[in-house]
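Notes for the one structure printed next.
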Amino acid sequence: DSGVTQTPKHLITATGQRVTLRCSPRSGDLSVYWYQQSLDQGLQFLIQYYNGEERAKGNILERFSAQQFPDLHSELNLSSLELGDSALYFCASSVLSGEAFFGQGTRLTVV
Amino acid sequence: AQSVTQPDIHITVSEGASLELRCNYSYGATPYLFWYVQSPGQGLQLLLKYFSGDTLVQGIKGFEAEFKRSQSSFNLRKPSVHWSDAAEYFCAVEGSNYQLIWGAGTKLIIKP
């Protein structure tokens, strides 16, 4: 158990809908990262938050947004969903840099 | 640009045989390098990391990796694989904003 909790584990939704993925980092970790894993793109960094502030952005679509709350949990919001958004979404946390601990992921299926 | 290359998409090894998974990176400064393992339907677990110092690093589950700056490589090795090692292995380098830049992964298949 990495100490990072992601909910839900599975999500099936229709195109055009909006979903929210939730992540609780390890106790004491201030940094949260979101990654997307798909068959065609592999593992891609989406966005990073550190202590409530956005720190870095990767290949995140404009339809996607995230935030980190004062209790350090984070949410990734995906809107106007398309079939191609079907993927495994991982959250990871770390103190700042170095070793990142990953959650089990949320498998999103858009139908 | 920072990048990681894992040239082998699949590798098949007999149980008990030795293993080497290749990883090459492109990074301007001294890299922080990682190997993660992903079992089917699971998250990513850190096997080992290299930050500085001794270029041969030991990890969990009997894995080790050697950092070779001259070859821009960070290959993962295990002297004797077990059926439970069947999984996908990812090499990563830490980018300029602490995010991980990933290789495409190598799927390890173990023959009985």
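Between A:SER24, A:SER38, A:SER86, the GNM of chain A built on Cα springs shorter than 10 angstrom shows A:SER38 fluctuating the most. Along its principal axes, chain A has C-alpha extents of 37, 28, 24 angstrom, given from the largest down. From most to least packed by mean Cβ count within 10 Å, the peptides B:55-65, A:25-35 give A:25-35, B:55-65.
Between B:ARG69, B:ARG22, B:ARG77, the residue with the greatest mean-square fluctuation in the GNM of chain B (Cα pairs under 10 Å linked by springs) is B:ARG69.
Quick check for me: using +1 on Lys/Arg Cβ and -1 on Asp/Glu Cβ, what's the dipole size of chain B about its Cα centre, in debye to the nearest 20?
60
Hydrodynamic analysis of the protein assembly as shown uses the Kirkwood radius over alpha carbon pairs. Inserted into Stokes-Einstein at 20 °C and 1.002 mPa s, it gives a translational diffusion coefficient of 119 µm²/s. When the Gaussian network model of chain A links Cα atoms closer than 10 Å, the mean-square fluctuations of A:ILE12, A:ILE60, A:ILE47 top out at A:ILE12. Counting charges near B:GLU15 (Lys, Arg +1; Asp, Glu -1) among other residues having Cβ under 10 Å from its Cβ returns a value of 0. Hey, how many Å between the Cα centroid of region B:14-66 and the Cα centroid of region A:46-111? First find each Cα centre; the distance between them is then 24 Å. Pairs of Cα atoms nearer than 8 Å and 6+ residues apart set the relative contact order; for region A:1-49 it is 30 percent. The residue list A:CYS91, B:ALA104, A:GLN48 was ranked by how far each Cα lies along the charge dipole of the protein assembly as shown toward its positive end, using unit charges on Cβ atoms, and B:ALA104 comes out on top. Averaged over the residues of peptide A:57-63, the number of Cβ atoms from other protein chains lying within 10 Å of each residue's Cβ is 1. Compactness of chain B, taken as the C-alpha radius of gyration over 2.2 N^0.38 Å, stands at 1.01.
Rule-based calculations on the coordinates, nothing more; no lab input. Since this is a predicted model, take the numbers as computed values, not measurements. A quick note on method: Cβ atoms are made from the backbone with ideal geometry, for glycine too, and the neighbour counts reach across all protein chains shown.
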